[in-house]
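The values are calculated or read from the model by the stated rules, or taken from the named source; none is laboratory data. Being a predicted model, the structure only gives us computed values, none of them experimental. Reconstructed Cβ throughout: ideal geometry from the backbone, glycine too, with neighbour counts over all protein chains shown. Remember, those area values only see protein heavy atoms, side chains included, never the ligands or the DNA or RNA. Shrake-Rupley method; radii C 1.70, N 1.55, O 1.52, S 1.80 Å.
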Amino acid sequence: MIAIVHPTKIEGIILANASKSCMQRACAAALLHHGTTHIVNPGNSFDDLAAIEMIQKLGANIINHSEESLTIQSTGVAPISQQLNCGESGLGIRMFTPIAALSKSSLTINGSGSLLKRPMHFFDEVLPQLKVHISSAEGFLPITIQGPLTPTNITIDGSLSSQFLTGLLMAFGAAEADGVTITVNDLKSRPYIDLTLQVMEAFGTTIQNNNYESFSFVKTNQKGKKTNIQYQVEGDWSGAAFLLVAGAVAGNITVKGLNVFSTQADKAILQALSDAGAGLSVQEHQIEVRSLPLKAFHFDATDCPDLFPPLVALAAFCDGTTVIEGVHRLAHKESNRGITLQEEFAKLGVEIKLQDNLMLVVGLRNGLQVAPINSAKVSSHHDHRIAMATAIAALNAGAPVTIQDAEAINKSYPAFYSHLQQLGVGVITEI
């Protein structure tokens with residue numbers, strides 16, 4: 001599919017889509033919960049749907065599923081299929097693999113698209129320490145596991161992704177680990193672990209966080225756990241970051257449905273917008289943002305690497321050269337995002353330099369004047385965040401911008417183009 005985005009000044013009010021980070025964790029917690037879970041405001045992205053399919057194959061029953069709510073009944077991990085598939089979800093494969101290993105059944109876990117190219121060596125190294133037999137395609141999917149996982153004191157590397165730790169925390173908690181500690185070296189994306197711990201606590205499991213250096217488990221009193229749980233999925237700061245940047249570079253909009261007290265890492269977009277000089281009004285239930293003359297900024301995205309694409313779209317219209325730290329976190333995303341951003345924004349006339357762990361974005365603003373970006377044909381590289389970043393940049397183009405493989409947005413934000421249309425953007429999609 002292609003999307004043709006026409007340059008536009010935007011205006012309006014939009015409701016943020018559901019957070020897939022929250023939704024997928026809630027699905028995993030609902031699977032592990034012995035009882036009934038009511039998830040309010042469930043997500044409908046491809047990653048969310050893959051999580052729902054995964055928990056069903058691992059034994060959960062879907063009682064009701066509508067746009068407003070999802071009701072799940074479960075008695076824990078009890079696979080009904082030996083073949084599991086996480087789609088293209090990086091969180092899905094990393095979170096559900098240790099959870100699936102709670103079963104003594106032999107299970108094969110696979111994925112599709114870019115997930116087949118993302119390394120899973122972590123499991124080859126760690127799961128055998130937990131008495132789980134594993135075989136993989138030399139560190140890549142598919143992988144076959146056979147448990148049951150047995151919690152024990154282990155030390156893991158947290159530098160590649162916090163998602164591996166999320167899966168272990170949930171699996172250890174479900175296995176009623178007692179007097180056991182997971183020690184973590186060089187943990188990245190700490191806010192995502194805050195989110196994991198928050199979801200687990202909502203489902204009755206509390207873990208001691210020792211300054212992100214280790215996590216200690218004490219057996220939970222099962223008698224005190226609720227059998228009926230309601231969990232509301234927050235609005236998605238990752239997707240909303242693109243809308244907020246759109247307001248900062250091309251208009252005046254209000255985004256509702258975001259929790260300003262959220263533990264989601266990408267809430268940090270507010271700091272970047274403030275540093276760039278955007279007109280920003282942060283209220284408890286809505287964020288208002290309007291375009292003002294923007295200046296270059298310095299931002300460390302090590303703990304929130306998914307912000308790189310919207311940050312580049314923001315930096316493109318700043319006066320001066322913006323510096324973004326954390327490029328090393330981009331190699332194993334849906335695409336190699338550092339290189340992909342450099343290539344695709346070059347087509348739009350925006351220069352991006354990569355210097356070790358730094359990304360330098362040369363802005364197109366000179367004082368009060370902003371040079372329009374080129375009208376060009378760009379590719380998403382099947383990466384949802386690249387598609388959205390180039391669409392936001394297109395708002396300030398000299399003529400329409402065409403995005404190839406534009407359907408990539410379905411991975412996290414299926415309503416993205418329709419939300420842009422609601423804000424007055426001319427978006428034409430063609431198969």
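Descriptive notes on the structure:
- Hits in the stretch 286-305 - residues which are in contact with a Cys (Cβ under 6 Å, 6 or more places away or on another chain), part of a strand (DSSP E or B) and not charged (D, E, K, R): L294
- Top-ranked residue of the stretch 52-71 - restricted to ones that are of a type in the set (A, V, I, L, M) and in contact with a His (Cβ under 8 Å, 6 or more places away or on another chain), ranked as nearest to V233 (Cα to Cα): L70
- Among all positions in the stretch 188-210, there is no residue which is assigned to a strand (DSSP E or B) and crowded, with 16+ Cβ neighbours inside 10 Å.
- Considering A278, A301, A296, the condition of being over 18 Å from N366 (Cα atoms) and open to solvent by less than 50 Å² (accessible area, probe 1.4 Å) is satisfied by A301 alone.
- Scan of the stretch 171-187 for residues that are in contact with a Pro (Cβ under 7 Å, 6 or more places away or on another chain) and part of a helix (DSSP H, G or I), ordered by number: A171, F172
- Hits in the stretch 49-68 - residues which are open to solvent by less than 50 Å² (accessible area, probe 1.4 Å) and under 21 Å from the mean Cα position of the chain (by Cα): A50, A51, I52, M54, I55
- From S135, S162, residue being more than 17 Å from A28 (Cβ to Cβ) and of a type in the set (S, T, Y): S135
- Subset of the stretch 321-352 [in a loop (DSSP other than H, G, I, E, B), at pLDDT 95 or above and open to solvent by 30 Å² or more (accessible area, probe 1.4 Å)]: G349, E351
- Among the residues of the stretch 213-247, those that are outside any helix (DSSP H, G or I) and free of Cβ contacts under 8 Å to residues at least 40 places away in the same chain comprise E213, S214, S216, N221.
- Some residue of the stretch 1-16 being among the hydroxyl-bearing types (S, T, Y) and open to solvent by 50 Å² or more (accessible area, probe 1.4 Å): no
- Qualifying strands (runs of 3 or more DSSP E) (wholly inside the stretch 54-110; at least 1 residues being within 17 Å of T196 (Cβ to Cβ)): none
- Scanning the stretch 353-375 for residues that are closer than 29 Å to P414 by Cα and open to solvent by less than 20 Å² (accessible area, probe 1.4 Å), we see that the one that is modelled with the lowest pLDDT is I373.
- Within the stretch 412-431, if we keep just the residues that are part of a helix (DSSP H, G or I) and in contact with a Gly (Cβ under 8 Å, 6 or more places away or on another chain), the residue that is surrounded by the fewest Cβ atoms within 10 Å (Cβ to Cβ) turns out to be Q422.
- Identity of the residue in the stretch 138-157, in a loop (DSSP other than H, G, I, E, B) and in contact (Cβ under 8 Å) with a residue 40 or more places away in the chain, that ends up farthest from L116 (Cα to Cα): P151
- Hits in the stretch 249-285 (condition: among the polar types (S, T, N, Q) and either in a strand (DSSP E or B) or within 18 Å of the chain's Cα centre (by Cα) (or both)): N252, T254, N259, S262, T263, Q264, S281
- Qualifying positions in the stretch 359-408 - in a loop (DSSP other than H, G, I, E, B) and in contact (Cβ under 8 Å) with a residue 40 or more places away in the chain: G363, L364, G367, L368, P372, H381, H382, D383, G398, A399, P400, D405
- In summary, N185 fulfils each of the numbered conditions (1) within 25 Å of F308 (Cβ to Cβ); (2) surrounded by 15 or more Cβ atoms within 10 Å (Cβ to Cβ); (3) at pLDDT 95 or above with the single exception of condition (2).
- Complete set of residues in the stretch 147-180 that are of a type outside the set (A, V, I, L, M), surrounded by fewer than 18 Cβ atoms within 10 Å (Cβ to Cβ), on the phi < 0 side of the Ramachandran plot and more than 22 Å from the chain's Cα centre (by Cα): P148, T150, T152, N153, T155, D178
- Some residue of the stretch 306-316 being crowded, with 22+ Cβ neighbours inside 10 Å, in a loop (DSSP other than H, G, I, E, B) and at pLDDT 95 or above: yes
- Of all the listed residues (T71, T37), the sole one being touching a Phe, Trp or Tyr at 6+ places or on another chain (Cβ under 9 Å), modelled with pLDDT of 95 or more and open to solvent by less than 60 Å² (accessible area, probe 1.4 Å) is T37.
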